[in-house]
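The values are calculated or read from the model by the stated rules, or taken from the named source; none is laboratory data. A quick note: this is a predicted structure, and the numbers were derived from the prediction, not measured. Because the Cβ atoms are built from the backbone with ideal geometry, glycine has one as well, and the counts that use them run over all protein chains shown. What goes into the accessible areas is simple: the full protein's heavy atoms, side chains included, and nothing from ligands, DNA or RNA. Shrake-Rupley method; radii C 1.70, N 1.55, O 1.52, S 1.80 Å.
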Amino acid sequence: MTYSPARPVNLRQTVGPLLRGQHEPTMRFTANGFWRVFLTPCGPATLHAEERGGSIAATAWGEGAEWVLDALPELLGRGDDWSELDLSRVPPLAEVRRQHPGLWLTSTSLVFEVLVPAILEQKVTTLEARRAWRYLVLKYGQVPPGPAPEGMRVQPSPREWQLIPSWEWHRAGVGPERSRAVLAAAAVAAGLDRLCAGGAGGAGGARLVEGVLEKLQSVRGIGPWTAAETSQRSHGHPDAVSVGDYHLAAHVGWVLIGEPVDDAGMLELLEPWRGHRQRVVRLILASGVAKPRFGPRATIQDHRWH
């Protein structure tokens with residue numbers, strides 16, 4: 001199919017948050033597009049999308065191919081409306097938006113699919129989380145349909161996550177707290193994905209995404225940070241802020257006022273944009289302004305072979 005969006009879409013910037021590292025087993029970027037494999041309600045699917053002029057050429061394979069193609073516009077941010085975001089009080093952010101007109105919030109419409117990697121990222125370094133995600137998906141995921149690049153895998157189904165033995169979680173470097181959270185989420189995965197009854201746009205969409213945040217946090221082991229990280233990707237939540245992130249608050253503070261802040265300070269700085277705070281965060285991350293490092297990197301404790 002060919003999708004011709006009514007506005008510019010930068011594929012890498014829009015779906016980039018779905019990529020968990022250079023060796024992500026469920027997604028690959030190409031020079032002008034990307035490959036992504038899904039476990040849809042209709043079954044596994046492989047999607048290849050690439051930009052051709054002002055249009056997006058997309059092909060899909062597998063039992064979920066039709067579902068994926070129908071969901072492509074939302075994946076590329078069709079439901080994300082920035083028209084009411086006022087950046088006039090911070091001209092540098094307005095300039096970032098001008099330079100990145102194709103940046104939109106993605107919406108996969110699949111809660112459980114983006115919830116598991118978010119759980120694995122709880123309270124560990126990015127390297128540890130991505131290593132665990134890759135290990136488990138490569139070992140327990142299925143080979144995707146169609147001509148997906150070698151090494152890609154469809155992530156395990158909720159039932160398959162539940163069947164992973166305890167020693168494999170340990171070998172992946174995932175402690176009991178995170179593995180229990182994945183299992184708790186898998187037990188209610190069908191209910192979580194039924195929350196995808198609509199997009200994030202409009203009043204009804206706003207109520208929907210707030211319901212997603214509330215429902216996610218009712219699952220044992222899922223707190224505000226994990227719920228925010230998930231809803232940002234599953235529903236393009238425009239206001240979800242990842243409170244508790246190791247780096248984010250300091251980064252936001254550095255860009256907006258030239259000094260690091262804590263979570264409370266970050267929320268205070270973002271308050272004028274309530275309703276759009278995730279959009280502002282994405283612009284801050286796209287600004288290219290790097291927060292200086294003031295201390296050593298966190299030490300990675302590897303207990304996988306103990």
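The simple spin-label model puts a point 7 Å past each Cα toward its Cβ; for THR125 and GLU268 those points are separated by 3.2 nm.
Put the Cα centre of segment 206-238 next to the Cα centre of segment 99-114 and the gap is 14 Å. Atom-type composition of the exposed protein surface of the chain places 53 percent of the accessible area on carbon and sulfur (1.4 angstrom probe). Available extension along the chain between GLU95 and GLU177 is 25.3 nm, counting 0.36 nm per residue and deducting the alpha carbon span.
Between the listed residues LEU127, THR108, ALA65, the Cα displaced farthest toward the positive end of the dipole of segment 31-145, a dipole computed from Cβ unit charges relative to the Cα centre, is found at LEU127.
For segment 95-100, putting each phi into the Karplus relation 6.51 cos²θ - 1.76 cosθ + 1.60 with θ = phi - 60° gives couplings of 5, 4, 5, 4, 6, 10 Hz, in residue order, rounded to whole numbers and with x for Gly and Pro.
Computed with a 1.4 Å probe over protein heavy atoms only, the accessible surface of segment 1-148 comes to 44 Å² per residue.
Can you bin segment 1-140 into rounded, prolate or oblate? Criterion: square roots of the alpha carbon gyration tensor eigenvalues sorted a ≥ b ≥ c, rounded for a/c under 1.5, prolate for a/b above b/c, oblate for the rest. Since a/c reaches 1.5 but b/c is at least a/b, the shape of segment 1-140 is classed as oblate.
Can you figure out the FRET efficiency of GLN22 with ALA290, using R₀ = 22 Å and their beta-carbon distance, to the nearest 0.05?
Details: r = 19 Å, r/R0 = 0.86.
With a Förster radius of 22 Å, E is 0.70.
For the pair MET1 and THR59, label points projected 7 Å from Cα toward Cβ lie 1.7 nm apart.
Taking all Cα pairs closer than 8 Å and separated by 6 or more residues, the relative contact order of the chain comes to 18 percent. Projecting the Cα positions of LEU47, GLY77, GLY16 onto the charge dipole of segment 1-103 (unit charges on Cβ atoms of Lys, Arg, Asp and Glu, taken about the Cα centre) puts GLY16 furthest along the positive direction.
Taken about its Cα centre, the chain carries a charge dipole of about 600 debye when Lys and Arg each add +1 at the Cβ and Asp and Glu each add -1 at the Cβ.
Among 152-160, 229-237, how do they line up from the highest to the lowest mean number of other beta-carbon atoms within 10 Å? Before the final figure, lay out the partial values.
Details: 152-160: 19.0, 229-237: 27.0.
So the peptides 152-160, 229-237, ranked by packing, come out 229-237, 152-160.
Spin-label model, HIS170 to GLU66: label points 7 Å out along the Cα-to-beta-carbon direction sit 4.7 nm apart.
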